[in-house]
Amino acid sequence: MYNIMNYGEKHIACVLLVDVSGSMSGDAIQELNEGLRVFGEALKSDSKAYGCADVCVVSFGSKVEQVVPFCPAAEYVAPVLTAGGLTVMNEAVITGLDMIELRKQEYKDVGVDYWRPWVFLLTDGVPTDNELYQDAQQRLQDALNNKKINFFPMGIGSGADTQTLKKYTKNGSGMVLKASKENFQEAFVWLSSSMSVVSNSDPSMSKVELEPLPNTITVEL
């Protein structure tokens, strides 16, 4: 039985790809854990998103781990992550795209309509698994150009290379979000608020206006 609530409503799926490499130790990993907690609490506070927003959390350090399999926001329990290892970001991107395709198939199997899924990538460094770069890029650009996903890359701290992250946007020309390591929790609040806006919008609308970004998050074009 698929873990899906509110079969008669249009759903939105979101995969969070979060960096837990060694450079995230200290304040950054604490901020990440708190962000994941407030993300879930914010979604649960919205009666519509509660059953129509579906969340998956994938962490990546030296390995990729699905720490929260896809579940309705109502059943989401924030993980407590620890930092260590490298930054296998390309493998994480591939895994996230695979998870989205699986969730979309589950929706189709039970006749649930859905909004374009979201992928949110958060990292404080650059990928260390360059051997998977071409595969990740091909998969990601195909998904973006064919409007299969909305993709939000975010760099945190001075070690985040926004020019590298820009390569992971549509045709390398999209926006990259940026925040400090000490103050990126609000990105999760923005993400949950925007998902709530989509969940509560008219299903016939082709485009939905997202929540404005908080002052602590900048945009690099």
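The values are calculated or read from the model by the stated rules, or taken from the named source; none is laboratory data. Just so it is clear, the structure is predicted and the values come from calculations on it, not from any experiment. Glycine gets a Cβ as well: all are built from the backbone with ideal geometry, and neighbour counts include every protein chain shown. Side chains included, ligands, DNA and RNA excluded: accessible areas come from the protein's heavy atoms. Shrake-Rupley method; radii C 1.70, N 1.55, O 1.52, S 1.80 Å.
In the structure shown, do any of LYS147/LYS167; LYS104/LYS147; LYS48/LYS147; LYS10/LYS104 have a Cα-Cα gap over 21 Å, and if so which? Over 21 Å Cα-Cα: LYS48/LYS147.
A simple spin-label model places pseudo-atoms 7 Å from Cα toward Cβ; at GLN134 and SER201 they are separated by 3.7 nm. Loop-located GluC sites (Glu not before Pro) in segment 122-221 (DSSP state not H, G, I, E or B) with no more than 15 neighbouring Cβ atoms inside 10 Å: GLU182, GLU209. Quick one: longest stretch of the chain between exposed loop chymotrypsin sites (Phe, Trp or Tyr not before Pro), exposed meaning at most 14 other C-beta atoms within 10 Å and loop per DSSP? Result for the longest clean stretch: 8-221.
Surface composition of the chain: carbon and sulfur make up 48 percent of the accessible area, probe 1.4 Å.
With a ≥ b ≥ c taken as the square roots of the eigenvalues of the C-alpha gyration tensor of segment 143-202, please select rounded if a/c is under 1.5 and otherwise prolate if a/b is larger than b/c or oblate if it is not? Mind dumping the intermediate values first?
Numbers: a/c = 3.98, a/b = 1.14, b/c = 3.49.
Since a/c reaches 1.5 but b/c is at least a/b, the shape of segment 143-202 is classed as oblate.
Which trypsin sites (Lys or Arg not before Pro) in segment 24-65 sit in a loop by DSSP (not H, G, I, E or B) and have at most 13 other Cβ atoms within 10 Å of their own Cβ? Loop-located and lightly packed - LYS63. Rolling a 1.4 Å probe over the protein heavy atoms gives the chain an accessible area of 44 Å² per residue. Rg and Dmax over the alpha-carbon atoms of segment 86-221 stand at 15.4, 45 Å.
The trypsin sites (Lys or Arg not before Pro) of segment 116-211 that meet both conditions, a loop assignment by DSSP and at most 14 other Cβ atoms within 10 Å of the site Cβ, are LYS147, LYS207.
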